[in-house]
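Have a look at the structure below before the remarks.
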Amino acid sequence: MADRRLTFHKIRSYLWPASIWKRALVALLVIVISSTAASYAVAQWYIAEHDNEPLILGTTFVSDYAQNFGLDPKDTLKAILGDLKVKQVRLVSYWNQIEPAPGQYDFSNLDWQFAMANQYGARVSLAIGLRQPRWPECHEPSWIHVSNTNKSDWQPQLYSYMKAVIERYKPNPALVSYELENEFFMTVFGECKDFDRSRLVTEFKMVKAWDPGRPVIISRSNNWVGVPVRQPTPDQFGVSVYKRVWDKTLTHRYFEYPLPAWFYASLAGWEQMISGKDMIIHELQAEPWPPTDIQQASLQEQYKSMDAPRLKDRIAYGKATGMRTIDLWGAEWWYWVKTTHNDPSVWNVVKQAVSEAEVQNQKLPIKH
């Protein structure tokens, strides 16, 4: 009996030591293990919950970005929709392009993109607001000076432009959703000056009033742990997933995020359990992130962060998150590599993935 008591005392001393610092370390370890186990369980639940839903592989298209590669934007989008057979595309409505002068709207560039989407039977998710995909992220016209002060000087103009865009395209049958203020709170990236949550809340309410029938997506930062609980609560959340990037601040080398796919499944699962809203991957890295702009880097350098084998693995990673809508990021680059450098390898990876997803979707049980 004495031996048993001694053994128990040793075990208790080991698990709960006398030192307050060691106790704190043990408590922290228990919290980390418990939260990780809970998140893993939620991730597996989320993956199983959505397993029998169709997989949608889409992309983002920015005509300016295609032109930066020396491509014809119309040929590029035609190839994306026609050859790759992508059936969902996120388009942008840059303020500086649509309203180059106060009250003078030019929708010609976006009109032909919608027309082509209708021609190929593609669904459009339209980015709206001040902040939209691609550098410099915020795309205000030159006649507007955005700042945290004197908001009355520019916010009414922003809202008028947004309303004009929605009124223009809400009758269009290709339009299925809006993405409002892309990665609004990403203060460390882009040339944006205003991050006022109240503006985002106001814009969300206005968009829902202007077009009540279509869902509004709001994107969160990609690798932060936690669930957004403050307003606004969108119809869907978006998350961006980047895996291999050039670290220009500390290591000055390529860095690969070690997060497993189930980490993102847990983000989506917790969100669905708490808010009842689903999550999509609105940007899955499918283009390089070299030390310089892509166009300035050699193809060999570009392939260090994204090439055909990495792209294939990246798509598999995205599917392993359990999220069933995945927009691949970098379609203009795929087409540039294919046409300018005569290397169709990355293009063909996407083409095969889209084809395989369509085949698998046809095998899913029909829901009544």
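What the table shows:
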| quantity | calculated |
| --- | --- |
| Computed magnitude of the charge dipole of the chain (debye, nearest 20; Cβ of K, R +1, Cβ of D, E -1) | 1600 |
| Cα shape, the range 142-297, gyration tensor, a/c 1.5 rule | oblate |
| Eligible aspartates and glutamates near K351 by straight Cα distance, threshold 12 Å, same-chain separation 8 or greater | D83 |
| Prolate/oblate/rounded call for the range 269-368, Cα gyration tensor, a/c under 1.5 rounded | oblate |
| At R0 = 41 Å, FRET efficiency that the Cβ-Cβ distance of Q119 and E49 yields, to 0.05 | 0.70 |
| Value of [θ]222 nm, deg cm²/dmol, for the chain, DSSP H segments ≥ 4, -39500 (n - 2.57) each, nearest 500 | -14000 deg cm²/dmol |
| Cα gyration tensor category, rounded, prolate or oblate, for the chain with a/c compared to 1.5 | prolate |
| Residue-wise HN-Hα coupling along the range 276-287, computed from phi with Karplus coefficients 6.51, -1.76, 1.60 (Hz; x: Gly, Pro) | x, 9, 8, 10, 10, 8, 8, 8, 9, 3, 9, 9 |
| Fully extended contour minus Cα-Cα distance, from N172 to T187, at 0.36 nm per residue | 2.1 nm |
| Set K208/K363; K78/K208; K163/K312; K85/K304; K151/K208; K74/K151 screened for pairs whose C-alpha atoms are more than 29 Å apart | K208/K363; K78/K208; K163/K312; K74/K151 |
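Computed from the coordinates by the stated procedures, all read-outs in this text should not be read as laboratory data. All of these numbers come straight from a predicted model, not from anything done at the bench. Quick reminder, even Gly has a Cβ in these numbers, built from the backbone with ideal geometry, and neighbours come from all protein chains shown.
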